[in-house]
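> I have a structure I would like to understand better, so I am pasting it below and will then ask my questions one at a time.
The values are calculated or read from the model by the stated rules, or taken from the named source; none is laboratory data. A quick note: this is a predicted structure, and the numbers were derived from the prediction, not measured. Here the Cβ is made from the backbone with ideal geometry for all residues, glycine too, and neighbour counts use every protein chain on show.
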Amino acid sequence: MLRFVDLRSDTVTMPTPQMREAMYRAEVGDDVYGEDPTVRELEELGARMTGKEASLFVTSGTMGNQLAILAHTQRGDEIICESDSHIFFYEVGGIAALAGVQARTIPGNHGVLTPELISAAIRPRDIHQPPTSLICLENTHNRAGGVSYPIEVLSSIYTLCKNNNIQLHTDGARIFNAAVRNQVSVDKLTCYTDSVMFCLSKGLCAPVGSLLAGSQEFIEKCRRYRKMLGGGMRQAGIIAAAGIVALNSMVERLNEDHDNARLLANAIANMDIGFNPNAVQTNIVVVDTTTIGKTAAELAARLADQGIKISQFGDYKIRMVTHHGITGDDIEYTINTLASTVKG
Ligand code: TLP
């Protein structure tokens, strides 16, 4: 029987039996009235873990990022983000359409911005120029292949922001992968940002939802914007219950996904296609297919014939993401299939 291995994304993870049980038993109420005890518990847990005053349960990572940008900026402002960041690349132009801000994009070093790069892009006070009001970092960086920021870089960027009276938002869709990679609790990363969005529905396996954390005042603003955008959910405790299980029991196991990504990376490095395995730090493996002599589409089709699904990240770029649904055997099968596809 053909094996089926879905490496397209960690968004394909399924809720665990413990999550389904918690969802079934969840106490619920109308969350727009602030009466859902399970949502409140999740939001308190998210705030506590990130060391922030408050957090807000939102439908998706995209909504969390967009609310943060709405709340941190005024129309006509400029925000700084990395050229390949999710906020710039994948959020449907929301920053322009919703917040009315423009992006100053800077290519990072494997997705990582430095204080020097950011500092050079901050606008001077000048009637002709838009004010820089927000810096957005992505940790881990998706398109760069799951790269995590060194903690000292986060700290110096935060200092730069404070010195320039600029807010700092972190797209931490996979911030728990970054925390596990750095062997620290997540608050050791989030102490260097004014707000952070993180996804419950990726490696942490919850079926739906993300949290946005920050100061009480910021979260109240975001709560209003969430309502404006139609994101006020009612008996949302049903899904929040899975989020609580995700935060309490799914963080440490991300190490397994990182180990599997490492196995895959080391094997690809042996395929003589100029792949640098050190670029892989967490659960994402991005491979340039140019030296294989095949486009991403060709490779994706060949692998799909063998039951392996991957993402195309460009004409000559593929992405494979390890997650809870991927076993060591799946990785071995992927390595063998990839090796013969690369040769053939
Ligand atoms: N990323 C998805 C796709 O949109 C590309 C994926 O499969 O990786 N920030 C980052 C860094 C993300 O990777 C994603 C999702 C989001 C935000 C948005 O989260 P959702 O999908 O919940 O809106």
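> Here are some conditions: (1) surrounded by fewer than 24 Cβ atoms within 10 Å (Cβ to Cβ); (2) closer than 19 Å to Arg174 by Cβ. Met1 meets all but one. Which one does it not meet?
Only one criterion is unmet by Met1, namely (2).
> Determine if region 67-89 includes at least one residue that is surrounded by fewer than 19 Cβ atoms within 10 Å (Cβ to Cβ), among the small types (Gly, Ala, Ser) and closer than 19 Å to Val251 by Cβ.
Within region 67-89, none of the residues are surrounded by fewer than 19 Cβ atoms within 10 Å (Cβ to Cβ), among the small types (Gly, Ala, Ser) and closer than 19 Å to Val251 by Cβ.
Okay, residues lined up against (1) in the same structural domain as Val147 (by TED's automatic domain parsing); (2) over 19 Å from the mean Cα position of the chain (by Cα); (3) modelled with pLDDT under 95; (4) not small (Gly, Ala, Ser):
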| site | (1), (2), (3), (4) |
| --- | --- |
| Ser83 | yes, no, no, no |
| Tyr90 | yes, no, no, yes |
| Gly93 | yes, no, no, no |
| Val101 | yes, yes, no, yes |
| Thr105 | yes, no, no, yes |
| Gly108 | yes, no, no, no |
| Ser119 | yes, yes, no, no |
| Arg123 | yes, yes, no, yes |
| Thr132 | yes, yes, no, yes |
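> Conditions: (1) modelled with pLDDT of 95 or more; (2) closer than 26 Å to Asp84 by Cα; (3) touching a helix residue (DSSP H, G or I) at 6+ places or on another chain (Cβ under 8 Å). Pro277 meets all but one. Number of the miss?
(1)
> Another question, then. Suppose we filter region 283-308 for residues that are closer than 18 Å to Asp6 by Cβ and of a type in the set (S, T, N, Q); how many remain?
2
> Scanning for something touching a residue at least 60 places away in the same chain (Cβ under 8 Å), in a loop (DSSP other than H, G, I, E, B) and basic (Lys, Arg), does region 19-42 turn up at least one residue?
Checking region 19-42: not a single residue is touching a residue at least 60 places away in the same chain (Cβ under 8 Å), in a loop (DSSP other than H, G, I, E, B) and basic (Lys, Arg).
> Might you let me know whether region 182-193 holds any residue that is in contact (Cβ under 8 Å) with a residue 24 or more places away in the chain and touching a strand residue (DSSP E or B) at 6+ places or on another chain (Cβ under 6 Å)?
yes
> Continuing with the same structure: Which one of Arg75, Arg143, Arg104 is touching a helix residue (DSSP H, G or I) at 6+ places or on another chain (Cβ under 8 Å), among the basic types (Lys, Arg) and within 26 Å of Thr322 (Cα to Cα)?
Arg143
> Out of curiosity, is Ala339 more than 14 Å from the ligand (Cβ to nearest atom) and under 25 Å from His86 (Cβ atoms)?
no
Condition check ((1) within 16 Å of the ligand (Cβ to nearest atom); (2) in contact (Cβ under 8 Å) with a residue 12 or more places away in the chain; (3) closer than 21 Å to Ile175 by Cβ) across all residues:
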| residue | (1), (2), (3) |
| --- | --- |
| Phe57 | yes, yes, yes |
| Gly64 | yes, yes, yes |
| Thr73 | no, yes, no |
| Ser83 | yes, yes, yes |
| Glu91 | yes, yes, yes |
| Leu98 | yes, yes, no |
| Pro107 | no, yes, no |
| Leu113 | yes, yes, yes |
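> Which of (1) within 30 Å of Asp6 (Cβ to Cβ); (2) part of a helix (DSSP H, G or I); (3) without any contact (Cβ under 8 Å) to a residue 60 or more places away in the chain is the odd one out, the single condition Ile239 does not satisfy?
(3)
> Another one. Limited to region 195-232, what total is found for residues that are outside any helix (DSSP H, G or I), surrounded by fewer than 22 Cβ atoms within 10 Å (Cβ to Cβ) and in contact (Cβ under 8 Å) with a residue 60 or more places away in the chain?
Final tally of qualifying residues: 6.
> Okay, next question. Residue under question is Tyr333, and the condition is that it be buried (at least 16 other Cβ atoms within 10 Å of the Cβ) and over 29 Å from Tyr149 (Cβ atoms); does it hold?
Yes.
> Shifting gears a bit: Quick check on Val184: is it away from the ligand (no atom under 16 Å from the Cβ) and either of a type outside the set (A, V, I, L, M) or touching a helix residue (DSSP H, G or I) at 6+ places or on another chain (Cβ under 9 Å) (or both)?
Yes, satisfied.
> Further, regarding this structure: Please find, within region 153-181, the residue that is nearest to Leu70 (Cα to Cα) out of those that are within 16 Å of the ligand (Cβ to nearest atom) and of a type in the set (D, E, K, R).
Within region 153-181, the match that is nearest to Leu70 (Cα to Cα) is Asp171.
> While we're looking at this one, here's another question. Can you find, within region 308-323, the residue that is farthest from the ligand (Cβ to nearest atom) among those that are touching a residue at least 40 places away in the same chain (Cβ under 8 Å) and surrounded by 21 or more Cβ atoms within 10 Å (Cβ to Cβ)?
Filtering first and then ranking leaves Ile308.
> I'd like the full set of residues that are under 14 Å from Cys199 (Cβ atoms) and in contact with a Cys (Cβ under 7 Å, 6 or more places away or on another chain), limited to region 69-99.
Answer for region 69-99, where residues must be under 14 Å from Cys199 (Cβ atoms) and in contact with a Cys (Cβ under 7 Å, 6 or more places away or on another chain): just Ile87.
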